[in-house]
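The values are calculated or read from the model by the stated rules, or taken from the named source; none is laboratory data. Not measured: the values here are computed from a predicted model. Backbone-built Cβ (ideal geometry, glycine too); neighbour counts: all protein chains shown.
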Amino acid sequence: MVRRLYFSLLGIVVLSTVLLTGNLIAGNVPSLGLDLQGGASVTLQPVGEFTPSALSQAVDIISQRVNALGVSEPEITRQGNNVIVNLPGVNDQQEALDIIGRQGERSE
């Protein structure tokens, strides 16, 4: 019984090692998040009166702007009346903040 358990455990360890090594050789490396890679985290608060749909539209616009930067795995979320923008790996944080915070023209 103990011998069977030992060989099962050994098989799992060997299989895991082979799969991990194969992934690393193939160049598949895990993408690092904001906490490990560094980057910018911005909290945006709307000024004046706004509707929930206007805030959702703002999130969509910010998402488009961030995607134009080519940031890998950006995170744009709504928390209450705030919009949280996390940009891992952004080297020029000021440029990113300028693009995110740029005021667009209103169309009605």
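Comparison of 36, 32, 55 shows that the only residue that is closer than 18 Å to residue 75 by Cα, assigned to a helix (DSSP H, G or I) and at pLDDT below 85 is 36.
If I ask for residues that are of a type outside the set (Gly, Ala, Ser) and modelled with pLDDT under 75, which ones from the stretch 85-108 would you list? Selection gives 91, 92, 93, 95, 99, 102, 103, 105, 106, 108.
Scanning the stretch 66-81 for residues that are assigned to a strand (DSSP E or B) and either in contact with a helix residue (DSSP H, G or I) (Cβ under 6 Å, 6 or more places away or on another chain) or surrounded by 13 or more Cβ atoms within 10 Å (Cβ to Cβ) (or both) yields a total of 3. For residue 67, the stated conditions do not hold, so it cannot be described as in contact with an Asp or Glu (Cβ under 9 Å, 6 or more places away or on another chain), of a type in the set (S, T, N, Q) and at pLDDT 80 or above.
Here residue 14 does not qualify as surrounded by fewer than 10 Cβ atoms within 10 Å (Cβ to Cβ) and not polar (S, T, N, Q). Tallying residues that are surrounded by fewer than 12 Cβ atoms within 10 Å (Cβ to Cβ) and either among the small types (Gly, Ala, Ser) or more than 19 Å from the chain's Cα centre (by Cα) (or both) within the stretch 31-53 yields 8.
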